[in-house]
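The values are calculated or read from the model by the stated rules, or taken from the named source; none is laboratory data. Just so it is clear, the model here is predicted, and its values are computed rather than measured. Here the Cβ is made from the backbone with ideal geometry for all residues, glycine too, and neighbour counts use every protein chain on show. The area values use the complete protein model at the heavy-atom level, side chains included, leaving out ligands, DNA and RNA. Shrake-Rupley method; radii C 1.70, N 1.55, O 1.52, S 1.80 Å.
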Amino acid sequence: METVVINQIKDQSYTMKESLRALKTSISFSGKGVKSILFTSSVPNEGKTTVVMDLARSMADSKKSVLIVDTDMRKSVLVGRLRAKVEGGGTIYGLSHYLSGQVSLDKVIYATNIKGVFILFAGHEVPNPTELLETQEFADLIDFGEKNFDYVLVDTPPTVAAIDAAVVGKNVDGAVIVAAQNVTSSRAIINTKRTLEDSGVKILGAVLNKCKFEESRYGHYGSYYGSYYGNYYGRDEDEK
């Protein structure tokens, strides 16, 4: 397994760690055998990918092995945002390369310079991402992840942009909806929840994101992402 070096990683403060610990605890009480979890949002720019990356790091700090799977084969910018590079150079292959039969699964899962965190990037953009996510190869990937890692965190596109989250949801143990304060309407969140449930996806919960503590009743997690997100991977408008 090759290693990619990822950058743009900011140290987590005590408040950040406590917030993520609360999220981890909530996931651990979501039900026996919950290992694969998809994260989605209603619209772009809600900080979903940041939540996934931070949660993976927090889980790794607890001695858990975590596989991050980026399924946005339409316009993922995660490689560039993380400034990811293969140690020693070389091409970074991803999900689209694997699902289209160009490379084997072992060629697309990378270790990272964060101990315990592994990642599978989206790969090259393709015109038929939903069809690829419906293949047996994708189901096999999730099965492999559940057998070889403590957690599999699947980052999916917003539901307003594609039905990918509902398709992916058929292969995972549950879903978390990320909603940004003052960005997402209640109607949009309800529609996202219904879309997932209509596909048989178990909703584990939701994360209120990009909010300031003094404006929210939801505690430090809102404060954490409200103050921290903007400088993490890049500018807010670039976040999925």
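Looking at the range 178-207, which of its residues are in a strand (DSSP E or B) and buried (at least 18 other Cβ atoms within 10 Å of the Cβ)?
Val178, Ala179, Ala180, Leu204, Val207
Rundown of residues vs (1) modelled with pLDDT under 80; (2) open to solvent by less than 40 Å² (accessible area, probe 1.4 Å), yes/no style:
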residue	(1), (2)
Ser19	yes, yes
Ala22	no, no
Ser28	no, no
Ser41	no, yes
Pro44	no, no
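Within the set of pairs 6 or more residues apart or between chains, which connect a residue that is farther than 22 Å from Gly169 by Cβ and in contact (Cβ under 8 Å) with a residue 12 or more places away in the chain inside the range 111-138 to a residue that is part of a loop (DSSP other than H, G, I, E, B) and among the hydroxyl-bearing types (Ser, Thr, Tyr) with Cβ atoms less than 7 Å apart?
Taking only residues 6 or more apart or on different chains, the pairs are Gly116/Ser65.
With the requirement that a residue be assigned to a loop (DSSP other than H, G, I, E, B) and either among the polar types (S, T, N, Q) or touching a helix residue (DSSP H, G or I) at 6+ places or on another chain (Cβ under 9 Å) (or both), what does the range 16-32 give you?
Scanning the range 16-32 gives a single hit, Ser30.
Exactly one condition in (1) open to solvent by less than 30 Å² (accessible area, probe 1.4 Å); (2) outside any loop (DSSP other than H, G, I, E, B); (3) not aliphatic (A, V, I, L, M) is not met by Asp72; state its number.
With respect to (1) open to solvent by less than 30 Å² (accessible area, probe 1.4 Å); (2) outside any loop (DSSP other than H, G, I, E, B); (3) not aliphatic (A, V, I, L, M), Asp72 is out only on (2).
Could you check the range 89-119 and list, in sequence order, the residues that are of a type in the set (Lys, Arg) and either crowded, with 18+ Cβ neighbours inside 10 Å or assigned to a helix (DSSP H, G or I) (or both)?
Correct list: Lys107 only.
Of the residues that make up the range 141-151, is at least one at pLDDT 95 or above, within 19 Å of the chain's Cα centre (by Cα) and in a strand (DSSP E or B)?
Within the range 141-151 (the criterion being at pLDDT 95 or above, within 19 Å of the chain's Cα centre (by Cα) and in a strand (DSSP E or B)), the answer is yes, since at least one residue qualifies.
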